[in-house]
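Below you'll find the structure, written out as structure tokens, and then a few comments.
The values are calculated or read from the model by the stated rules, or taken from the named source; none is laboratory data. Because the structure is predicted, anything quoted here is derived from the model rather than measured. Quick reminder, even Gly has a Cβ in these numbers, built from the backbone with ideal geometry, and neighbours come from all protein chains shown. The accessibility values were calculated without ligands, DNA or RNA, using every heavy atom of the protein model including side chains. Shrake-Rupley method; radii C 1.70, N 1.55, O 1.52, S 1.80 Å.
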Amino acid sequence: MSGQEEQQERWSAVDRYVEELLAPHDAALEAAIEESERAGLPQIQVSPSQGKLLHLLASAIGARTILEFGTLGAYSTIWLARALPAGGRLITFEADPRYAEVARQNVDRAGLGEIVDLRVGPALDLLPELDAEDAGPFDLTFIDADKEHTPDYFAWALDRSRPGALIVADNVVRAGELADERSEDPKIAAQRRLHEAIAAEPRVSATTIQTVGGKGYDGFTLALVLG
Ligand SMILES: C[S@@+](CC[C@H](N)C(=O)[O-])C[C@H]1O[C@@H](n2cnc3c(N)ncnc32)[C@H](O)[C@@H]1O
């Protein structure tokens, strides 16, 4: 085993240890993963610990309205929606209709069909619908779709977030490439644009946390919308 493989195995082992004790799956979360895998969806959902973190963040701020970019099989959606009180609402965008179908079944199986409003199509095309419906303001936004558009989703969500709201953007560190100013990867350029925009934005206070675990080395940005 190479040093890198050993390191990855250790990160995965710690994730398994923490998840078993602090973020265990119940039947609905387990089924969401299994059915997504059976349907051939890519296994790129957040880890159980990350799902639990999203749940804790939404609970801590008493979120009533949540916006999510990137549903996949609704694994993160379920963690987030379970933090909502009666009458709460979560709107989530998924571009791929096949993924959305699996997500819908997973959400219904989790008993969250009334709370989760799944919109199918490229998020940027669908956002005007939300404005037309006066769907905001949002208490928590989770950005986890096409990474090139993370800064666009952030800007849109910020304009529609109440003071005290949180915006979380996932996969911003990308194995450390975030710090590589010469990177030609458009996904990296987008995360750098996101950071530069946040740095110049007086309406938020934010930080980025690097993470290691079963999913390798990455990280997320957490922004608090100021009053
Ligand atoms: C990383 S996955 C989301 C994982 C999910 N948040 C979870 O943790 O369970 C990203 C998802 O975004 C979707 N996606 C990609 N481009 C999109 C777009 N323009 N609008 C909406 N969804 C998009 C992909 O089809 C994919 O399902």
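Can you tell me what percent of all Cα-Cα pairs in the range 1-149 are more than 17 Å apart? List each step's numbers first, then the result.
Details: 6872 of 11026 pairs.
Tail of the P(r) past 17 Å holds 62 percent of the pairs.
Compute the Rg to Rh ratio over the range 106-192 from the alpha carbon atoms, using the Kirkwood formula for Rh, and round to two decimal places. Numbers along the way, then the final one.
Values: Rg = 15.2 Å, Rh = 14.8 Å.
The Rg/Rh ratio comes out at 1.03.
Using only alpha carbon pairs under 8 Å that are at least six residues apart, calculate the relative contact order of the chain and give it in whole percent. Each step should come with its number before you reach the end.
Values: 397 pairs, mean separation 41.8, N = 227.
Computed over the chain, the figure is 18 percent.
Distance between Cα centroids, the range 107-174 to the range 25-75: provide it in whole Å.
14 Å
Kirkwood Rh over Cα pairs of the range 157-225 into Stokes-Einstein at 10 °C, 1.306 mPa s: D in µm²/s? Can you show the working numbers first?
Numbers: Rh = 12.7 Å.
Reported coefficient: 125 µm²/s.
Which value results when the Cα radius of gyration for the range 18-67 is divided by 2.2 N^0.38 Å?
Values: Rg = 12.5 Å, N = 50, 2.2 N^0.38 = 9.7 Å.
The reported ratio for this selection is 1.29.
Could you size up the charge dipole of the chain around its Cα centre, putting +1 on the beta carbon of Lys and Arg and -1 on that of Asp and Glu, and report it in debye to the nearest 20?
Values: 21 positive and 38 negative charges, 112 e Å.
Around 540 debye, computed over the chain.
Percent of accessible area on the chain owned by carbon and sulfur, 1.4 Å probe?
53 percent
Positive end of the charge dipole of the chain (Lys, Arg +1 and Asp, Glu -1 on Cβ, about the Cα centre): tell me which of 204, 91, 113 has its Cα farthest that way.
Result: 204.
Convert 25 °C to kelvin, take the viscosity as 0.890 mPa s, use the Kirkwood radius over C-alpha pairs of the range 65-123 as Rh, and evaluate the Stokes-Einstein diffusion coefficient in µm²/s, rounded to a whole number.
Numbers: Rh = 10.9 Å.
Diffusion coefficient, whole number: 225 µm²/s.
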